[in-house]
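Peer 1: Submitted below is the structure of interest, expressed as structure tokens.
The values are calculated or read from the model by the stated rules, or taken from the named source; none is laboratory data. From a predicted model like this one, the values you see are computed outputs, not experimental measurements. Cβ atoms come from the backbone with ideal geometry, glycine included; neighbour counts cover every protein chain shown. When the accessible area is computed, the model is the full protein with side chains, heavy atoms only, and any ligands, DNA or RNA have been set aside. Shrake-Rupley method; radii C 1.70, N 1.55, O 1.52, S 1.80 Å.
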Amino acid sequence: MITAAEVADRAERIAPALRDHLRLTPFVRYDAFSAELGAEVLVKCEHQQRTGSFKARGALAKIRTLTEAERAAGVITASTGNHGLGVGNALATLGGHGIVYLPENAAPGKVAALRRLGLELRAEGNDTGALELKARAYAAEHGLTYVPPYNDPDIVAGQGTLAVEIIEQLGDASLDAVVVSVGGGGLISGVAAVLKKHLPGITVYGAQPAVDDAMAASVRAGAIVQVDAAQTLSDGTAGSVEPGSITFDLCRALVDDWVLVEEDAIRDALRMVIDTEHQLIEGSAALAFAAARERRTELAGKRVAVVSCGGNMSSSTLEVALGGGACYAPPHGALGGVVVGHQDSVLPPSSALPSTPRDDARDGSTSERDL
């Protein structure tokens with residue numbers, strides 16, 4: 001098993017190489033949300049990353065460890081969206097052939113995005129867990145490399161490179177807490193390992209939907225367990241935790257508090273970000289904002305990072321998510337967001353943090369499970 005210290009060291013070693021091919025995403029203050037929580041809320045905008053998700057980091061980190069011959073022979077994965085897009089982007093960048101197992105009910109927009117990256121697609125059934133087993137079996141039978149969505153040291157370290165950027169973007173400023181959405185635990189394991197290395201006093205909050213909290217339930221039980229999950233708007237965190245996953249022990253060691261969020265709260269957070277920041281995020285990113293709201297009393301007066309993990313949401317899903325709801329009403333006296341369209345994002349002069357240019361380009365159109 002890999003340790004948190006090893007994850008942090010690996011993330012710091014590979015961060016410069018990944019930056020040659022990926023975006024340095026903004027780390028900016030969201031004024032309206034800061035006013036609402038009575039805290040300084042700084043958002044790591046991975047919804048502006050290549051492919052529209054942090055998943056591009058882990059996939060590139062893993063695939064760059066393969067030889068040219070291994071990439072040419074082929075890599076394989078199972079995905080319902082963001083991870084597959086990350087694998088496709090890595091192969092388009094480094095060269096190689098990729099196969100993605102995906103469910104038969106995959107959305108047309110998702111299928112088109114994966115095909116644009118030159119991936120070979122295989123649709124078999126609708127059980128994502130079964131798809132992963134089929135992909136692993138095919139890889140073993142044909143001598144291909146399987147690229148898991150989270151249960152791999154290189155994947156976890158790759159996700160941790162966003163925290164390497166956070167440390168750089170903080171400069172001399174401090175950070176009291178970070179809120180991260182959790183599915184399989186790859187994202188929070190990488191982020192928490194890096195941040196706790198440099199900021200040992202930081203509090204790490206793991207956010208999961210109340211209707212699908214496999215990792216939180218496993219940590220409570222002291223072993224990986226199955227949960228009776230229901231459908232969630234945070235489809236990027238949906239699904240069980242793979243038996244024996246390295247992320248289980250990392251989450252047990254690194255996550256200080258688990259926040260279980262109801263579906264209405266996720267929808268309200270999505271609406272808040274759209275109305276105040278004019279940014280489209282996906283349900284799994286809205287989950288982290290909703291979790292910060294749940295802990296507003298604890299976070300008041302502190303500097304808090306929220307990881308906005310992705311922005312790949314289809315128009316049909318957005319319509320369902322926002323249908324029938326009222327517009328976000330900020331607290332009395334709260335200012336609206338400062339980030340609009342392609343303008344640069346500038347923090348108030350009183351902040352110790354640097355401003356970061358914003359790049360709104362993204363690829364793909366769907367969400368992915370197992371953060």
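Peer 1: Among the residues of the stretch 129-160, which ones are in contact (Cβ under 8 Å) with a residue 24 or more places away in the chain, out of contact with any strand residue (DSSP E or B) (no Cβ under 7 Å at 6 or more places or on another chain) and not in a loop (DSSP other than H, G, I, E, B)?
Peer 2: Within the stretch 129-160, GLY129, HIS142, PRO153, ASP154, ILE155, VAL156, ALA157, GLY158, GLN159, GLY160 meet the criteria.
Peer 1: Among the residues of the stretch 133-145, which ones are buried (at least 17 other Cβ atoms within 10 Å of the Cβ), of a type outside the set (S, T, N, Q) and at pLDDT 95 or above?
Peer 2: TYR138, ALA139, LEU144
Peer 1: Separate question: Does the stretch 54-65 include one or more residues that are at pLDDT 95 or above, closer than 21 Å to ILE274 by Cβ and open to solvent by less than 10 Å² (accessible area, probe 1.4 Å)?
Peer 2: Applying the first criterion (at pLDDT 95 or above) to the stretch 54-65 yields 54-65.
Then keep just the ones that are closer than 21 Å to ILE274 by Cβ; that gives 54.
Next cut, open to solvent by less than 10 Å² (accessible area, probe 1.4 Å) only: 54.
Within the stretch 54-65, one or more residues are at pLDDT 95 or above, closer than 21 Å to ILE274 by Cβ and open to solvent by less than 10 Å² (accessible area, probe 1.4 Å).
Peer 1: Only one of these conditions is not met by VAL111: (1) of a type in the set (Val, Ile, Thr); (2) under 21 Å from LEU162 (Cβ atoms); (3) surrounded by fewer than 24 Cβ atoms within 10 Å (Cβ to Cβ). Which number is it?
Peer 2: (2)
Peer 1: Of all the helices (runs of 4 or more DSSP H) wholly in the stretch 26-94, which have at least 2 residues that are under 20 Å from GLY239 (Cβ atoms) and under 12 Å from the mean Cα position of the chain (by Cα)? Working first, answer last.
Peer 2: On the way: elements: 31-37, 55-63, 68-73, 82-94.
Passing ranges, in order: 55-63, 82-94.
Peer 1: So, in the stretch 281-310, how many residues would count as being assigned to a strand (DSSP E or B) and not charged (D, E, K, R)? Talk me through it step by step, then tell me what you get.
Peer 2: Going residue by residue through the stretch 281-310, those that are assigned to a strand (DSSP E or B) are 303-308, 310.
From what's left, not charged (D, E, K, R): 304-308, 310.
Summing the residues that are assigned to a strand (DSSP E or B) and not charged (D, E, K, R) in the stretch 281-310 gives 6.
Peer 1: Select, from ARG50, ARG71, the only residue that is over 30 Å from THR297 (Cβ atoms), open to solvent by less than 60 Å² (accessible area, probe 1.4 Å) and in contact (Cβ under 8 Å) with a residue 12 or more places away in the chain. Give the steps one after another, and end with the answer.
Peer 2: Working: ARG50 fails: open to solvent by less than 60 Å² (accessible area, probe 1.4 Å).
Only one candidate passes the filter, namely ARG71.
Peer 1: Here's another thing I want to ask about it. Output the number of the condition that THR3 fails; it satisfies all remaining conditions of (1) surrounded by 18 or more Cβ atoms within 10 Å (Cβ to Cβ); (2) under 21 Å from LEU371 (Cα atoms).
Peer 2: (1)
Peer 1: Does any residue in the stretch 287-308 that is of a type in the set (S, T, N, Q) come within less than 7 Å, Cβ to Cβ, of a residue that is in a helix (DSSP H, G or I) and open to solvent by less than 50 Å² (accessible area, probe 1.4 Å) six or more places away or on a different chain, and which pairs are these?
Peer 2: Within 7 Å, the pairs are SER308/GLU46; SER308/HIS47; SER308/ALA285; SER308/ALA288.
Peer 1: Scanning the stretch 240-258 for residues that are farther than 28 Å from ASP127 by Cβ and outside any loop (DSSP other than H, G, I, E, B), which turns out most open to solvent (accessible area, probe 1.4 Å)?
Peer 2: So the residue we want is ALA253.
Condition check ((1) open to solvent by 10 Å² or more (accessible area, probe 1.4 Å); (2) more than 20 Å from ALA17 (Cβ to Cβ); (3) outside any helix (DSSP H, G or I)) across all residues:
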residue	(1), (2), (3)
LEU162	no, no, no
ASP172	yes, yes, yes
VAL179	no, yes, yes
GLY184	no, yes, yes
GLY190	no, no, no
GLY201	yes, yes, yes
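Peer 1: Determine which member of the set GLU12, GLU70, GLU36, GLU6 is farther than 29 Å from GLY244 by Cα, at pLDDT 95 or above and charged (D, E, K, R). Outline the logic, then answer.
Peer 2: Working: GLU12 fails: farther than 29 Å from GLY244 by Cα; GLU70 fails: farther than 29 Å from GLY244 by Cα; GLU6 fails: farther than 29 Å from GLY244 by Cα.
Answer to the check: GLU36.
Peer 1: Moving on. Do we find a residue being β-branched (Val, Ile, Thr) and farther than 30 Å from ALA140 by Cβ anywhere in the stretch 39-48?
Peer 2: Just the residues of the stretch 39-48 that are β-branched (Val, Ile, Thr), to begin with: 41, 43.
In the following step, the residues that additionally are farther than 30 Å from ALA140 by Cβ were identified as 41, 43.
Taking every residue of the stretch 39-48 in turn, at least one turns out to be β-branched (Val, Ile, Thr) and farther than 30 Å from ALA140 by Cβ.
Peer 1: Within the stretch 6-29, which residues are under 21 Å from VAL182 (Cβ atoms), in contact with a Gly (Cβ under 8 Å, 6 or more places away or on another chain) and either hydroxyl-bearing (Ser, Thr, Tyr) or open to solvent by 20 Å² or more (accessible area, probe 1.4 Å) (or both)? Break it down into steps so the answer makes sense when it comes.
Peer 2: So in the stretch 6-29, the residues under 21 Å from VAL182 (Cβ atoms) come out as 6-8, 10-11, 25, 27.
Imposing the further condition that a residue be in contact with a Gly (Cβ under 8 Å, 6 or more places away or on another chain) reduces the set to 7-8, 10-11.
Correct list: ARG10 only.
Peer 1: Show the residue pairs that are 6+ apart or on different chains and have beta-carbon atoms under 8 Å apart, the first residue being within the stretch 184-201 and at positive phi, the second being outside any loop (DSSP other than H, G, I, E, B).
Peer 2: GLY185/MET215; GLY185/THR247; GLY185/PHE248; GLY185/LEU250; GLY185/CYS251
Peer 1: Then there's this: Being under 12 Å from VAL178 (Cβ atoms) and open to solvent by 50 Å² or more (accessible area, probe 1.4 Å) is the filter here, so list the residues in the stretch 296-316 that pass it.
Peer 2: Listed by number, the list holds a single entry, LYS302.
Peer 1: On to the next question. What tally of residues in the stretch 259-280 results from selecting those that are open to solvent by 50 Å² or more (accessible area, probe 1.4 Å) and part of a helix (DSSP H, G or I)?
Peer 2: 4
Peer 1: Scan the stretch 206-228 and give yes if some residue there is modelled with pLDDT of 95 or more, more than 20 Å from GLY129 (Cα to Cα) and open to solvent by less than 10 Å² (accessible area, probe 1.4 Å), otherwise no.
Peer 2: Yes: the stretch 206-228 contains one or more residues that are modelled with pLDDT of 95 or more, more than 20 Å from GLY129 (Cα to Cα) and open to solvent by less than 10 Å² (accessible area, probe 1.4 Å).
Peer 1: Run GLY125 past the list (1) within 19 Å of ASN312 (Cβ to Cβ); (2) open to solvent by less than 50 Å² (accessible area, probe 1.4 Å); (3) at pLDDT below 90 and report the number of the one that doesn't hold.
Peer 2: Tallying (1) within 19 Å of ASN312 (Cβ to Cβ); (2) open to solvent by less than 50 Å² (accessible area, probe 1.4 Å); (3) at pLDDT below 90, GLY125 fails exactly one: (1).
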